[in-house]
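Enquirer: My questions will all concern the structure given below.
The values are calculated or read from the model by the stated rules, or taken from the named source; none is laboratory data. From a predicted model like this one, the values you see are computed outputs, not experimental measurements. For neighbour counting, all protein chains shown are included, and Cβ atoms are generated from backbone atoms with ideal geometry for every residue, glycine included. Side chains included, ligands, DNA and RNA excluded: accessible areas come from the protein's heavy atoms. Shrake-Rupley method; radii C 1.70, N 1.55, O 1.52, S 1.80 Å.
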Amino acid sequence: MARVRLEHVTKRYEDVTAVDDISMEIEDGEFVTFVGPSGCGKSTTMETVAGLTRPTEGEVYIGDDNVTTLAPKDRGVAMVFQNIALFPHMDVFENISFGLRLRKYDDEEIQRRVEQAADIVQLEGMLDRMPDEMSGGQRQRVAIARAIVRNPDVFLMDEPLANLDAKLRVHMRTELQRLHRELDTTIIYVTHDQAEAMTMSDRIAVLNAGELQQIAPPLTCYNEPANRFVAGFIGSPSMNFAEGELVEDGVRTKNFHVDLDPGNVPGMTVGDAVTLGVRPEDVHLTTAADTVAQPTDPIDARSDVIEPMGDEMFVYLLLAEGAERSMEEDPSSSADQLLMSVTPDTPIEEGQNVDVVLDRSKIHLFETATGQALLHGITNLSGRDSGTTPTEADS
Amino acid sequence: MFDDNDSAREDDGVRGTDGDGDDNGDSDGVPEHWKRTREMTDGGQPADESRSGILTEDTEAELDRGPFQQWVADSISNPERVYRSMFYTATIFFLFTTLFPFYWLLMVALTPEGQQQDIILTPNGFNPGAFIEVFQVLPFHWYMFNSFVIATASTILVLVIGSLAGYAFGRLEFPGKTPLMLLVLIISFFPPAAFFIPLNDLFNTSFFLLEPITGDGTLYNTPGAMVLPLSAIFMPLAIFILTTFYAQIPDGLEDAARVEGTTRLGALFRVIIPLSAPGVATAGVLTFIAVYNEFFFSFLMTDGQPENWAPILEGILGYQGQYEVMYHLMAASSIIGVIPVAILVIVAQEKIVSGLTAGALKE
């Protein structure tokens, strides 16, 4: 068990910067997930911790030791790989004991530890099988057993569930949480699946284009995203964005207006371009708006496509008169569209004209130019108390 | 020609008379253009009246052809037969060309001395004692031992260095990789004779460092004189084979081994090489056989004495004296010399097959 500290870690390949100046500190026993779209540098960042990649600049600390130039085998880390990477020419016992045998443990100790590890991942009685005789989930367990058998300081998992089918993935997700509770080891987990990130982590590190966007507990990332990228990446379906402009009495977007005292928006003045963001579940029909403490003024809309999901229902709303649903654009970023999530028994039909309101306490404001978050929640018209600013959220 | 026309006309006649209502004539399943072809090239026996009579019963028009055309028609409708027969033809041809020399060698070996003039398929007499005499006339087992040591040493050297090179070429990125690989391959195209004179000169030069090992400090008359140049000559091929195999092992496996506690080199020997067993076996067998069979350096780098590491080749040539050539002993010793290689290939072949089936990497 140990803390992991990255200091200005940068990895450049010939003309690509895979990881750009990432600094973070991971506490002892913490479960941190690196999440981001493909190619955002999350795997490369993890490889610098594992020692498989040496950073171009910056330093990696495990515990109090600077391990930047240390070989992977000397770092006290264990890793589970996306493609599982069991050695096909060894049976389960040999796979799990590989690291122990290399470290010249005596046979009894190896036997004891392997059995204990196999017990934790529920692989009893399979130690003499070959990897190709096992199912995907079993192989994954072997890979995890191989990692935990050495009592590593840090446990690295590079999309370990990506190659499993959906049902098994959900199952293994709870297994991994149980494992984390039992082992109490520092775990760094890489995934592009935000559901895995949200459910398992103590903190999420959102990466994009090699840069760290935000590192915070899952709900903080969800409720107070640091910037537009995090807001759009965390949450499914994605947050609605409407680009607009700060005016005298609020925010003016192409199709609607939200009242606001511009003086409450830090660092912005009237006339600056801002982006308003609101999650689908914070868009309500006016008829059902009595539950919303501070609704905005009603917005005229027409329902376009309705997607019943069973537990909820997604309604694509068209805001402008005569607007067509754009096929090219993601609905979340189109100015003329709004995605609403309602309960499945809501009486609504396709093509119906409806009025919707937004929950003011859940509206996010971003600076259009930089994408940085300005405000989370605009709760008061007069502006005496207008939600939390990102600086407050961080403290 | 006349017959053809005639029979064709007869054929028409047959069809014409085929009017008794059954479905023979017009539904024999033959397309119109085939009928035309049949009329033009029907070069079989002339269809006389009596045959025509039979045809009206069966209307199996194919019966009207010669055996060759019959075979062609069958082949078109059932091509597997042709492929099978071609396979057997080719197999028999290859078996004959590869095995007949051995058979004939055996016949020569079994023929007693002095009767070797006109051996064709059977030996002139029966003298299995030649296989023992081989070891009495010369210490042939010593030559075999020398060859075996030289071939084994070369194979190990080639596999170890070739593995390191194969790892570098197959799994690492470094500047100048492709030109370097090409250079290695180009060197393998050099005629070995081009190296001989400088090498012979070098190996006959005394080196102070070698004196404790070789006595006079030269490599001439030592296994090194064959192992070094032969390893170098057969190395590029091994590097090429191993590069291809090592490049195919997924990166994840090597990374896993390194995180688990090996160095890069450890991962190569514990994970990559075992998983590339077919490639390593192939490179090893090819090198062993090539060195074991090599003539040029084997002939020139020793003085031909078994105690001076002369290989098997010198042993076989040793039965050729100034006044007589003991062909039966040369033949017998050749057969004996082949046996170790044959065993090696059979063993390695099993390894190759098991390696191919066991190493199913689903990644």
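Enquirer: Placing +1 at every Lys and Arg Cβ and -1 at every Asp and Glu Cβ, with all other atoms neutral, what dipole size does segment B:63-150 have around its Cα centre, in debye to the nearest 20?
Expert: Details: 3 positive and 6 negative charges, 50 e Å.
That gives a dipole near 240 debye.
Enquirer: Would you work out which of A:ILE148, A:THR275, A:ILE204 lies farthest towards the positive end of the dipole of chain A, given +1 charges on the beta-carbon of Lys and Arg and -1 on that of Asp and Glu, about the Cα centre?
Expert: Farthest towards the positive pole: A:ILE148.
Enquirer: Using 0.36 nm times the number of residues separating A:MET24 and A:VAL305, minus their current alpha carbon distance, what extension gain do you get?
Expert: Numbers: separation 281, 0.36 × 281 = 101.16 nm, distance 4.27 nm.
Extra length from A:MET24 to A:VAL305 when fully extended: 96.9 nm.
Enquirer: Under a 5 Å amide H to amide H cut-off, with H placed in plane at 1.01 Å, what residues pair with A:PHE256 once short-range neighbours are removed?
Expert: Distant-sequence amide H within range of A:PHE256: zero hits.
Enquirer: Only residues of segment B:143-166 count here: report those whose backbone N is under 17 Å from the spot 7 Å along Cα→Cβ of B:LEU265, or say none.
Expert: Answer for segment B:143-166: B:157-166.
Enquirer: I'd like the distance separating the alpha-carbon centroids of segment A:14-42 and segment B:322-346, in whole Å.
Expert: Between the Cα centres of segment A:14-42 and segment B:322-346 lies a distance of 67 Å.
Enquirer: Here is a further query. Quick one: length gained pulling B:LEU95 to B:VAL338 fully straight, 0.36 nm per residue minus the C-alpha distance? Mind showing how you got there, number by number?
Expert: Details: separation 243, 0.36 × 243 = 87.48 nm, distance 1.70 nm.
Taking 0.36 nm per residue and subtracting the Cα distance, the gain is 85.8 nm.
Enquirer: Could you check the spin-label model distance between B:ASP303 and B:VAL72? Points 7 Å from the Cα along Cα→Cβ, value in nm.
Expert: My value for the distance between the label points is 7.1 nm.
Enquirer: Another question, if that's okay. Say each of B:ILE132 and A:THR343 gets a label point 7 Å from the Cα, pointing the same way as Cα to Cβ; how far apart are those two points in nm?
Expert: Here the answer is 10.5 nm between the modelled labels.
Enquirer: Give, to the nearest whole percent, the P(r) tail of the protein assembly as shown beyond 52 angstrom, counting all Cα pairs. Before the final figure, lay out the partial values.
Expert: Details: 137507 of 286903 pairs.
The proportion of pairs with Cα distances above 52 Å equals 48 percent.
Enquirer: State which stretch of chain A is the longest one without any exposed GluC sites (Glu not before Pro), exposure meaning a DSSP loop state and at most 10 other Cβ atoms within 10 Å.
Expert: Details: sites that count: A:GLU14, A:GLU124, A:GLU248, A:GLU321, A:GLU324, A:GLU328, A:GLU349.
It works out to A:125-247.
Enquirer: Something else: Show me the GluC sites (Glu not before Pro) within segment B:76-166 that DSSP assigns to loop and that have at most 16 other Cβ atoms within 10 Å of their Cβ.
Expert: Within segment B:76-166, the qualifying GluC sites (Glu not before Pro) (loop, at most 16 other Cβ atoms within 10 Å) are B:GLU113.
Enquirer: For A:PHE31, which sequence-distant residues (separation of 5 or more, or a different chain) have an amide H within less than 5 Å of its own amide H, given hydrogens modelled in the peptide plane?
Expert: Distant-sequence amide H within range of A:PHE31: A:ILE187, A:ASP202, A:ARG203.
Enquirer: For chain A, what is the calculated [θ] at 222 nm in deg cm²/dmol (nearest 500), taking -39500 (n - 2.57) for each run of four or more DSSP H residues and dividing by its residue count? Each step should come with its number before you reach the end.
Expert: On the way: 9 runs with 89 residues, N = 395.
So the helix-based figure for chain A works out to -6500 deg cm²/dmol.
Enquirer: Follow-up question, since we're still on this one. Test of understanding: what is the full-extension gain from A:THR286 to A:GLN352, defined as 0.36 nm times their sequence separation minus their Cα-Cα distance?
Expert: Working: separation 66, 0.36 × 66 = 23.76 nm, distance 1.38 nm.
Extra length available between A:THR286 and A:GLN352 comes to 22.4 nm.
Enquirer: While we're on this one: Treat each spin label as a single point 7 Å out from the Cα along the C-beta direction, and report the B:GLN320 to A:GLU14 distance in nm.
Expert: Rounded to a tenth, the inter-label distance reads 5.6 nm.
Enquirer: In addition: Carbon and sulfur together cover what percent of the accessible area of the protein assembly as shown at a 1.4 Å probe radius? Please report the intermediate quantities before stating the final value.
Expert: Numbers: 21740 of 37720 Å².
The nonpolar share, carbon plus sulfur, comes to 58 percent.
Enquirer: Can you give the Rg to Rh ratio of chain A, both from alpha-carbon atoms, with Rh computed by the Kirkwood formula? Spell out each step's value before the answer.
Expert: Working: Rg = 24.7 Å, Rh = 23.4 Å.
Answer for chain A: 1.06.
Enquirer: Around A:ASP106, under 12 Å between beta carbons, what's the net of Lys plus Arg minus Asp minus Glu among the other residues?
Expert: On the way: positive: A:ARG101, A:ARG103, A:LYS104, A:ARG112, A:ARG113; negative: A:ASP107, A:GLU108, A:GLU109.
Spelling it out: positives minus negatives among the neighbours equals +2.
Enquirer: Of the options B:GLY279, B:ILE336, B:PHE295, report the single residue whose Cα projects farthest towards the positive end of the charge dipole of segment B:228-363 (beta-carbon charges: Lys, Arg +1; Asp, Glu -1).
Expert: Projecting each Cα onto the dipole axis, the largest value belongs to B:GLY279.
Enquirer: Across peptide A:47-53, what mean number of C-beta atoms from other chains lies inside 10 Å of a residue's C-beta?
Expert: Average neighbour count from other chains, rounded to a whole number: 2.
Enquirer: If you don't mind, there's one more thing I want to ask. For a label point 7 angstrom out from the Cα of B:THR205 toward its Cβ, which stretches of segment B:298-320 have the backbone nitrogen within less than 20 Å?
Expert: B:301-302
Enquirer: Further question on the same structure: Would you mind getting the Kirkwood hydrodynamic radius of segment B:130-358 from its Cα pairs, rounded to one decimal in Å? Please list the in-between numbers first.
Expert: Details: mean 1/r = 0.0512 Å⁻¹.
Answer for segment B:130-358: a Kirkwood hydrodynamic radius of 19.5 Å.
Enquirer: Put A:HIS8, A:HIS376 in order of accessible area, largest first, 1.4 Å probe: what do you get? Before the final figure, lay out each step's value.
Expert: Working: A:HIS8 110, A:HIS376 15 Å².
Result of the area sort, largest leading: A:HIS8, A:HIS376.
Enquirer: Rounded to the nearest 20 Debye, what is the dipole magnitude of the protein assembly as shown about its Cα centre when Lys and Arg each give +1 and Asp and Glu each give -1 at the C-beta?
Expert: On the way: 49 positive and 112 negative charges, 758 e Å.
Once rounded to the nearest 20, the dipole reads 3640 debye.
Enquirer: For segment B:70-96 and segment A:106-149, what is the separation of their C-alpha centers, rounded to whole Å?
Expert: Result: 54 Å between the Cα centres.
Enquirer: Mind listing the long-range amide H neighbours of A:VAL67? Cut-off is under 5 Å, sequence gap 5 or more, other chains count too, H placed in the peptide plane at 1.01 Å from N.
Expert: Those lying under 5 Å, H to H, from A:VAL67 are A:VAL60, A:TYR61, A:ILE62.
Enquirer: Moving on. Distance check, please: which entries in A:LYS104/B:LYS177; A:LYS11/A:LYS104; A:LYS254/A:LYS362; A:LYS167/A:LYS362 exceed 28 angstrom between their Cα atoms?
Expert: Working: A:LYS104/B:LYS177 37 Å; A:LYS11/A:LYS104 34 Å; A:LYS254/A:LYS362 20 Å; A:LYS167/A:LYS362 33 Å.
Table pairs above 28 Å Cα-Cα are A:LYS104/B:LYS177; A:LYS11/A:LYS104; A:LYS167/A:LYS362.
Enquirer: Can you give the FRET efficiency to the nearest 0.05 for B:LEU182 and B:ALA247, using r as the Cβ-Cβ distance and R₀ = 25 Å? All intermediate terms of the calculation are to be shown ahead of the outcome.
Expert: Numbers: r = 16 Å, r/R0 = 0.65.
The computed FRET efficiency comes out at 0.95.
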